[in-house]
Every structure is written in structure tokens, then in C-alpha cells.
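Here's the structure we're looking at; comments come further down.
The values are calculated or read from the model by the stated rules, or taken from the named source; none is laboratory data. The shown structure was predicted, so the numbers you read here are calculated from the model rather than taken from an experiment. Note: ideal-geometry Cβ built from the backbone for every residue, glycine included; neighbour counts use all protein chains shown.
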Amino acid sequence: MTQASRKSISRQAAAGLMAATFCVGSALAAPNDAGATALQAKYTALAPQLARNEFQRPLVIESSEAANAVSGNAYAVINYPFSAVTTAFKTPDNWCDVLMLHLNTKFCRTTGGTGSPTGLEVSIGKKGPQEVKDAYTLAFDFKLASATPDHMAVQLNADKGPLGTNNYRINLRVVPLAGGKTFMHLQYSYGYGMAGRVAMQGYLSTVGSGKTGFTLVDTPAGGEKTYVDGMRGAVERNTMRYYLAIDAYMASLAAPPAEQLEKRLQQWFDATERYPRQLHEIERTAYLTMKRSEHRRQQAAE
């Protein structure tokens with residue numbers, strides 16, 4: 001393989017990373033209304049959309065794009081008690097089990113010391129099997145921004161990424177609802193420069209061509225609405241993937257420990273296949289084989 005070919009493949013992989021990664025609250029919108037009152041008000045405002053939508057579940061997906069950043073938001077009611085959700089996500093310990101469900105996550109481990117981790121190292125690569133050394137590793141700092149009886153907020157921040165990308169963020173905020181349920185806001189965003197934009201445009205014009213998000217937008221000609229595409233489409237797809245990962249992880253906790261991995265892998269894949277236009281990438285057997293192998297690799301490393 002020539003050096004030029006290697007560079008081309010590297011740029012495509014980096015663009016795939018940008019499309020796959022998760023980041024929240026960057027240049028677009030780190031929310032100032034981080035308290036329980038504001039999130040409960042958001043739940044009330046979204047109640048009609050949560051009750052009736054195309055997802056056939058209580059979920060609203062939103063996205064926005066600025067000159068040098070893109071952001072996705074998932075607002076959802078999940079069928080797990082607030083106490084269980086906060087216990088699961090108030091420290092970095094269980095986040096790797098969530099993030100590893102995504103096709104592009106190749107490896108994940110906590111950092112900062114045994115017993116008191118302060119961050120995560122997350123290696124992101126292509127949608128198929130891949131050596132960790134060939135993936136990109138982002139270093140996330142973890143912060144428990146709020147922990148009260150009626151509100152939890154956590155933030156994962158990675159300042160630097162490949163090809164000049166920056167401000168990778170994951171924010172999760174939750175409040176309790178009646179009936180043992182929880183309302184959650186998951187936000188993803190990242191910033192990018194010229195190199196990142198060029199790489200992403202290359203991805204969207206090749207392997208990412210024809211892929212859409214979930215938001216219906218007006219067409220320039222004024223005809224029927226169409227699903228958003230481009231960078232907003234990419235961030236919406238991955239916002240959905242990580243919301244489904246959180247839901248699958250929580251569902252798996254009802255199973256015996258030895259069965260939890262398989263339960264969350266199966267549930268995540270089944271859930272993504274409900275939206276094939278946006279989320280279908282590989283077949284079930286290929287996904288399960290890859291993720292089981294990645295889990296064994298992660299256990300061996302630990």
C-alpha cells in the first residue's frame with residue numbers, strides 16, 4: 001500500500017470517528033439550566049411529542065449545527081427508577097459497558113486509579129473488527145456536576161481529537177418521574193476545524209452517502225419534507241445509538257451477572273434494527289461476534 005493510500009484510509013477512518021463519536025455541550029450549547037426545575041419543565045413542554053411520535057417510544061431527537069460544531073440531543077422517558085439510573089452512571093465505572101455497545105467503539109477503560117476512577121479512555125474506529133492500536137483513543141475527564149435527591153448531571157469531556165477536532169462532550173442529566181420512571185437528557189457535540197470538516201465531507205460523500213438522521217426538514221424547492229442529512233444527520237444517528245445503549249444497559253441489570261453482556265448486546269442490536277434507514281450497518285451475527293471478541297479483549301487487558 002502506498003503512503004498516499006494509507007493517508008486516504010486514515011482520513012476516512014478519522015471522518016468515521018467524527019461521525020461516530022459522542023460529545024456534548026461544546027461550542028454549540030452547554031446548558032446553563034442544569035437544575036431539576038428546568039429539566040422537569042422540559043419534560044412538561046415535550047409531553048405531547050413524547051406521547052406520540054415516529055419512534056414508537058417516549059423519545060425526542062433534536063440537533064443543531066454551527067460554523068465549527070455540531071450537537072445532538074435525546075430527551076426520553078426510561079422505565080427505570082431514578083435511584084437505579086443515578087447509581088449506574090454517577091461514576092465512570094459502568095460507562096464502558098454502555099459505550100462498547102456502539103459499533104465503532106473498539107476498547108474502553110477507566111483511568112485515574114483503582115477504586116476511584118476519574119475518566120475514561122475510549123478507542124473509536126471502524127464498524128468492523130479492528131486492532132486497538134489502529135483506532136483513535138480519546139481521553140475523557142469525568143465530572144459529577146450535580147447529585148441531589150431529584151437531579152443528577154454528569155459530564156465527560158475530551159478536549160482533543162483527531163484531525164483538529166476538539167471539545168468532545170457527553171452530558172447526561174436525569175430527574176425522577178412518577179411511577180418509578182426517569183426523564184433523561186443526553187447531549188452529544190464536538191468542534192472541528194477545516195481539516196475535520198474536509199474529512200467529514202469526504203465521509204459523507206462516500207461511505208456515508210445517502211444516510212439520514214431523524215428530523216424532518218423542509219426541502220429548498222418547498223416540496224415534501226425530507227430527513228436531515230450531512231453532519232446533523234450523523235450526530236442524530238449516534239445520539240440515538242447512545243440513548244439505546246443506555247436503555248439496553250439498564251435493562252440488562254435485571255439479568256444474572258453472567259447473562260448481562262449477552263442481554264444488552266441483543267437488546268441494543270434489536271433496538272437499532274427498528275430504524276433500519278438510519279441505523280442498519282451490519283448483520284446480527286457479525287455484530288455479536290465482533291462485540292463478544294472485543295469484550296474478551298477488554299477482559300484480558302484488565
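Taking Leu204 as the residue in question, decide whether it is surrounded by 15 or more Cβ atoms within 10 Å (Cβ to Cβ), at pLDDT below 90 and on the phi > 0 side of the Ramachandran plot. First the steps, then the outcome.
Values: surrounded by 15 or more Cβ atoms within 10 Å (Cβ to Cβ): yes; at pLDDT below 90: yes; on the phi > 0 side of the Ramachandran plot: no.
Against the criterion (surrounded by 15 or more Cβ atoms within 10 Å (Cβ to Cβ), at pLDDT below 90 and on the phi > 0 side of the Ramachandran plot), Leu204 does not qualify.
Going through Leu39, Leu59 one at a time, which residue ends up being within 18 Å of the chain's Cα centre (by Cα) and at pLDDT 95 or above?
Details: Leu39 fails: within 18 Å of the chain's Cα centre (by Cα).
Of the residues listed, the single one that is within 18 Å of the chain's Cα centre (by Cα) and at pLDDT 95 or above is Leu59.
State all residues of the stretch 147-163 that are surrounded by 17 or more Cβ atoms within 10 Å (Cβ to Cβ) and either closer than 22 Å to Glu62 by Cβ or small (Gly, Ala, Ser) (or both); if no residue qualifies, say none. Full working, then the answer.
Keep residues of the stretch 147-163 that are surrounded by 17 or more Cβ atoms within 10 Å (Cβ to Cβ), which gives 151-158, 161-163.
Result: His151, Met152, Ala153, Val154, Gln155, Leu156, Asn157, Ala158, Gly161.
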Q. Within the stretch 120-132, can one find any residue that is farther than 22 Å from Met240 by Cα, surrounded by 18 or more Cβ atoms within 10 Å (Cβ to Cβ) and over 14 Å from the mean Cα position of the chain (by Cα)?
A. yes
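Filter the stretch 84-123 down to residues that are among the small types (Gly, Ala, Ser) and in contact with a Ser or Thr (Cβ under 9 Å, 6 or more places away or on another chain) and give me whichever is farthest from Ala145 (Cα to Cα).
First, the residues of the stretch 84-123 that are among the small types (Gly, Ala, Ser): 84, 88, 112-113, 115-116, 119, 123.
The next check asks that each one be in contact with a Ser or Thr (Cβ under 9 Å, 6 or more places away or on another chain); those that pass are 84, 112, 116, 119, 123.
Details: Ala84: 18, Gly112: 18, Ser116: 16, Gly119: 14, Ser123: 24 Å.
Restricting to residues being among the small types (Gly, Ala, Ser) and in contact with a Ser or Thr (Cβ under 9 Å, 6 or more places away or on another chain), the top hit is Ser123.
Just for helices (runs of 4 or more DSSP H) wholly inside the stretch 223-302: which have at least 3 residues that are within 13 Å of Val98 (Cα to Cα) and under 15 Å from the mean Cα position of the chain (by Cα)? Reasoning before the result, please.
Details: elements: 230-252, 257-272, 276-279, 284-301.
Passing ranges, in order: 230-252.
For the stretch 64-90, enumerate the residues that are among the polar types (S, T, N, Q) and modelled with pLDDT under 95. Spell out the reasoning first.
Quick first cut of the stretch 64-90, residues among the polar types (S, T, N, Q) only: 64, 68, 71, 73, 79, 83, 86-87.
Hits for the stretch 64-90 are Ser64, Asn68, Ser71.
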Q. If you check Ser123 against the conditions, is it in contact with a Phe, Trp or Tyr (Cβ under 6 Å, 6 or more places away or on another chain), farther than 26 Å from Ala254 by Cα and hydroxyl-bearing (Ser, Thr, Tyr)?
A. yes
Q.
When you scan the stretch 253-260, do you find a residue that is of a type in the set (S, T, N, Q), on the phi < 0 side of the Ramachandran plot and surrounded by fewer than 22 Cβ atoms within 10 Å (Cβ to Cβ), even just one?
A. yes
